[in-house]
Amino acid sequence: ALLAYALFGVAAVVALVSSGFPAIAPLMGLVGIAGLIVAYVKRGDARGTWVASHFTWLIRTFWYSFLWGVVGAIVLLVLGIILIGIPIALLIWAVASIWVIYRVIRGYLVFKESRPMPGL
């Protein structure tokens, strides 16, 4: 789980600062996808332990990030023609990137204390 947290964290930060703009979906780079694969592969090994909730947390973080990336892309495509869609899409992607970083930090802090994610 620690490896998955590290991969997600690196992916989110790199995506946010790499081009000066938030990435469409912060975890869609190779590092983020590697983190997702680690989480899916190791979740079965952790079933029944407090660590399993962290894998679920990370997997949900990835897919919700992807969903918000798609929402931003749709806004850009639909409203981009009238130029209002560009700042709205960028705002959606920036908020999604910040949200991913928040979830990675929050999850890691709970993981560090050897506790399961609350509510999972």
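The values are calculated or read from the model by the stated rules, or taken from the named source; none is laboratory data. As the structure is a prediction and not an experimental result, all values here were calculated from the model. Glycine gets a Cβ as well: all are built from the backbone with ideal geometry, and neighbour counts include every protein chain shown. Just so you know, the surface numbers come from the protein's heavy atoms only, side chains and all, with ligands and any DNA or RNA stripped out. Shrake-Rupley method; radii C 1.70, N 1.55, O 1.52, S 1.80 Å.
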Next item on the list: Sticking with the crude label model, points 7 Å out along Cα→Cβ, report the distance from Ile59 to Leu3 in nm, one decimal please.
Entry: 1.7 nm
Item checked: Sorted peptide list for 63-75, 82-94, criterion being average Cβ within 10 angstrom, highest first -> 63-75, 82-94
Next item on the list: Could you state the angle between the C-alpha long axis of helix 2-17 and the longest principal axis of the C-alpha atoms of the chain, as a value from 0 to 90 degrees rounded to the nearest 10?
Entry: 10 degrees
Notebook entry, point to check: Can you give the relative contact order of the chain as a percent, counting alpha carbon pairs under 8 Å and 6+ residues apart?
Noted result: 33 percent
Notebook entry, point to check: Once both axes come from the Cα atoms, what is the angle between helix 85-112 and the longest principal axis of the chain, in degrees from 0 to 90, rounded to 10?
Noted result: 10 degrees
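Roughly to the nearest percent, how much of the accessible area of the chain is carbon and sulfur, given a 1.4 Å probe? Mind dumping the intermediate values first?
Values: 5070 of 6660 Å².
Carbon-and-sulfur percentage of accessible area, whole number: 76.
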Next item on the list: Calculate, for the chain, the solvent-accessible area per residue in square angstrom, rolling a 1.4 angstrom probe over the heavy atoms of the protein chains.
Entry: 56 Å²
Next item on the list: Can you check what the net charge comes to around Leu2, using other residues whose Cβ is under 12 Å from the Cβ of Leu2 (Lys, Arg +1; Asp, Glu -1)?
Entry: +2
Next item on the list: List, in order, the whole-Hz ³J(HN,Hα) value for each residue of region 64-74 obtained from phi through the Karplus relation with A = 6.51, B = -1.76, C = 1.60 and θ = phi - 60°; use x for Gly and Pro.
Entry: 5, 4, 4, 4, 5, x, 5, 4, x, 5, 5
Item checked: the chain: angle of helix 30-46 to the longest principal axis, Cα-based, in degrees nearest 10 -> 30 degrees
Item checked: Value of [θ]222 nm, deg cm²/dmol, for the chain, DSSP H segments ≥ 4, -39500 (n - 2.57) each, nearest 500 -> -26500 deg cm²/dmol
